[in-house]
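Accompanying notes for the structure given below.
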Amino acid sequence: MKLSAKRVEVHYAAVQGTYWASNCTLRGLMAVFLTFHGFNDAQIGYTSSLVYCFTISLSLLLSAWADKHPLTPLKRTVTALYLVGLAAAAVLYLLPLPVLLFMLVYALNCCFHNCADSILNALMMQYVDNGIPARYGWPRGVGSITYAIMAWVLGALMETYTPNVILPVFLGLCTLSLAALLVLPDPGPRRLREQRENKVSYGQMLKTNPTLVLLLVACILSGMGQCASTTFLIRVVEKLGGTSRELGIAMFIQAGVELPMMFASGWLLKRFSAGGLLTLSFFCNGVKLLLLCVAPSLPFLYAVMVFSMFCFGIFGFASVLFVNSIAGVQEKVRAQSLLSLCYTGGLGGILGNLLSGALIGVIGLNCLFLLSAGLCLAGAGVMVLCLRQYRKQFLQ
């Protein structure tokens, strides 16, 4: 019996909702959590870079392994990632650790949790490739709204208790996400006939697909630029007189406004190309950083957060679909991983956090954000070149 697309979407929404709620805890509130444990801004930047170094290494191995072993369900791979992440979080919560060991275990926790993202994206594309017309946009939008709600709730909880409340919340949410994953319907085989063909290496993938190369360069530049606002948004809030409660409100608005764009993804994609929407997303990231530079008050900051609907609100669905359209059948999992590994959760995050951590104490917050805005706008420029190459490579 063929799976209902609606059933797949509902189950997948449960997975995305619980995954992104748990992601908000340790990754989204990294600066607050690590500051509570005695880290300075430079150490926070270096820890974030370490997270993404681990994430890149593990994701490359996992995606290559997944493409070479199509009989192994992607659900099983994600389950293993969740279990290791839960174990690392339990160690952080239960054991007193010195700073370096704390940094290492924290980085491993975030690494294994981050790596689940691209595999979950590839899992949804597996349904689509097997003829089930399930939509990615609105289930991913549920992830955005749960992320937003969790940011608001945790902001209030940290104000009442301490930032260490993050750890038990993560453990509970990650367990819920694992349960939702285990009841997700089986998407079926991963195109076994095509998978038996000779597989190309990462190098060959990039050499033969200049569109993908330009997309990844655009993601690196934009990812580098966004790190300042992602990691050090708390410093902007503090400069304007706010605390963790106001940070939670800002993050709630930022993630919450992504939901309408996710729900409107089908309508948008009927009128605009995925590549064109990606270009808009990269450009709007630059504008957002410029607005953060001149924010005179918390209400203005909240208004800037509303602008985020044009940033990740668009990137979240347009990037996955664009990559799926330019990757070969036997390359889809690795292509999705490369996308994640070049954006804020990968190479862009590594370079951006190293840059932000090193410069924030030297050039100040505003100059750092101006530099970051320039990187985002440069990413938008490269994306324009990517679209030209796409038309030449795939549409002629």
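The values are calculated or read from the model by the stated rules, or taken from the named source; none is laboratory data. The structure presented is a predicted model; accordingly, all values stated were derived computationally and were not measured. So basically every Cβ, Gly included, is an ideal-geometry build from the backbone, and we count neighbours across all protein chains shown.
Do any helices (runs of 4 or more DSSP H) lying entirely in the range 246-297 carry at least 2 residues that are surrounded by fewer than 21 Cβ atoms within 10 Å (Cβ to Cβ) and among the charged types (D, E, K, R), and which ones are they?
Qualifying helices (runs of 4 or more DSSP H): 265-271.
Of all residues in the range 50-65, which are crowded, with 24+ Cβ neighbours inside 10 Å and modelled with pLDDT under 85? Working first, answer last.
Our first condition is that a residue be crowded, with 24+ Cβ neighbours inside 10 Å; within the range 50-65, this holds for 51-52, 55, 59, 63.
Of everything in the range 50-65, those that are crowded, with 24+ Cβ neighbours inside 10 Å and modelled with pLDDT under 85 turn out to be Y52, T55, S59, S63.
From L60, L104, L97, grab the single residue that is farther than 20 Å from S340 by Cβ and either part of a helix (DSSP H, G or I) or in contact with a Gly (Cβ under 9 Å, 6 or more places away or on another chain) (or both).
None of the others qualify; the one that does is L104.
Need the failing condition index for G241 against (1) within 13 Å of F315 (Cα to Cα); (2) touching a Leu at 6+ places or on another chain (Cβ under 8 Å), just the number.
All conditions pass for G241, except number (1).
Residues of the range 326-346 being farther than 14 Å from M205 by Cα, modelled with pLDDT of 85 or more and either part of a helix (DSSP H, G or I) or of a type in the set (A, V, I, L, M) (or both), which ones? Give the derivation first.
Taking the range 326-346 and keeping what is farther than 14 Å from M205 by Cα, we get 340-346.
Among the residues that remain, those that are also modelled with pLDDT of 85 or more are: 342-343.
Correct list: C342 only.
So, of the residues in the range 332-348 that are of a type outside the set (A, V, I, L, M) and closer than 14 Å to L58 by Cβ, which turns out to be surrounded by the most Cβ atoms within 10 Å (Cβ to Cβ)? So that I can check it myself, show each step before the final result.
Let us first name the residues in the range 332-348 that are of a type outside the set (A, V, I, L, M), namely 332, 334, 336-337, 340, 342-346, 348.
Adding the requirement that they be closer than 14 Å to L58 by Cβ leaves 334, 337, 340, 345-346.
On the way: R334: 28, S337: 30, S340: 26, G345: 25, G346: 26.
Among those that are of a type outside the set (A, V, I, L, M) and closer than 14 Å to L58 by Cβ, it is S337.
For every residue, the table says whether it meets (1) more than 15 Å from the chain's Cα centre (by Cα); (2) among the small types (G, A, S).
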residue	(1), (2)
Y127	yes, no
G131	yes, yes
R140	no, no
M150	yes, no
L157	yes, no
P163	yes, no
I166	yes, no
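Restricted to the range 305-323, and to residues that are over 13 Å from the mean Cα position of the chain (by Cα) and aromatic (F, W, Y), which residue is surrounded by the fewest Cβ atoms within 10 Å (Cβ to Cβ)?
F307
Of (1) touching a residue at least 60 places away in the same chain (Cβ under 8 Å); (2) over 18 Å from the mean Cα position of the chain (by Cα), L259 satisfies all except one. Which?
(2)
Specify which of the listed residues (A274, A303, A264) is more than 26 Å from L34 (Cβ to Cβ), in contact with a Gly (Cβ under 8 Å, 6 or more places away or on another chain) and small (G, A, S).
It is A264.
Specify the residue that is modelled with the highest pLDDT; the eligible residues are those in the range 173-193 that are within 21 Å of S63 (Cβ to Cβ) and surrounded by fewer than 13 Cβ atoms within 10 Å (Cβ to Cβ). Spell out the reasoning first.
First, pick out the residues of the range 173-193 that are within 21 Å of S63 (Cβ to Cβ): 177-178, 181, 184, 186-193.
Keeping just the survivors that are surrounded by fewer than 13 Cβ atoms within 10 Å (Cβ to Cβ) gives 186, 192-193.
Details: D186: 80, L192: 47, R193: 40.
Only one residue fits best here, namely D186.
Can you name the residue in the range 98-138 that is in contact with a His (Cβ under 9 Å, 6 or more places away or on another chain) and surrounded by fewer than 24 Cβ atoms within 10 Å (Cβ to Cβ) and is also farthest from G328 (Cα to Cα) among such residues?
The qualifying residue farthest from G328 (Cα to Cα) is V99.
Residues being without any contact (Cβ under 8 Å) to a residue 12 or more places away in the chain and more than 18 Å from G349 (Cβ to Cβ): count how many of those fall in the range 36-60.
1
Which of the numbered conditions does V382 fail, given that it passes all the others? Conditions: (1) at pLDDT 95 or above; (2) among the β-branched types (V, I, T); (3) within 22 Å of A107 (Cα to Cα).
Here V382 clears every test but (3).
Residues to consider are A80, A122; find the one that is outside any loop (DSSP other than H, G, I, E, B), within 20 Å of the chain's Cα centre (by Cα) and free of Cβ contacts under 8 Å to residues at least 12 places away in the same chain.
A80
Of the conditions (1) more than 18 Å from I326 (Cα to Cα); (2) modelled with pLDDT of 85 or more; (3) hydrophobic (A, V, I, L, M, F, W, C), L206 fails just one. Which one is it?
Of (1) more than 18 Å from I326 (Cα to Cα); (2) modelled with pLDDT of 85 or more; (3) hydrophobic (A, V, I, L, M, F, W, C), only one is false for L206: (1).
Among (1) in contact with a Gly (Cβ under 8 Å, 6 or more places away or on another chain); (2) farther than 17 Å from K75 by Cα; (3) modelled with pLDDT of 85 or more, which single condition is L167 missing?
(1) is the only condition that L167 fails.
Please work out if T72 is without any contact (Cβ under 8 Å) to a residue 40 or more places away in the chain and closer than 30 Å to Q330 by Cα.
Taking the combined requirement at face value, the residue satisfies it.
Confirm whether M251 is under 20 Å from the mean Cα position of the chain (by Cα), closer than 20 Å to L29 by Cα and at pLDDT below 90. Let's see the steps before the verdict.
Details: under 20 Å from the mean Cα position of the chain (by Cα): yes; closer than 20 Å to L29 by Cα: yes; at pLDDT below 90: yes.
The answer is yes for M251.
If I filter the range 17-35 for residues that are free of Cβ contacts under 8 Å to residues at least 40 places away in the same chain and either part of a helix (DSSP H, G or I) or touching a strand residue (DSSP E or B) at 6+ places or on another chain (Cβ under 9 Å) (or both), do I get at least one hit?
Checked the range 17-35: no residue is free of Cβ contacts under 8 Å to residues at least 40 places away in the same chain and either part of a helix (DSSP H, G or I) or touching a strand residue (DSSP E or B) at 6+ places or on another chain (Cβ under 9 Å) (or both).
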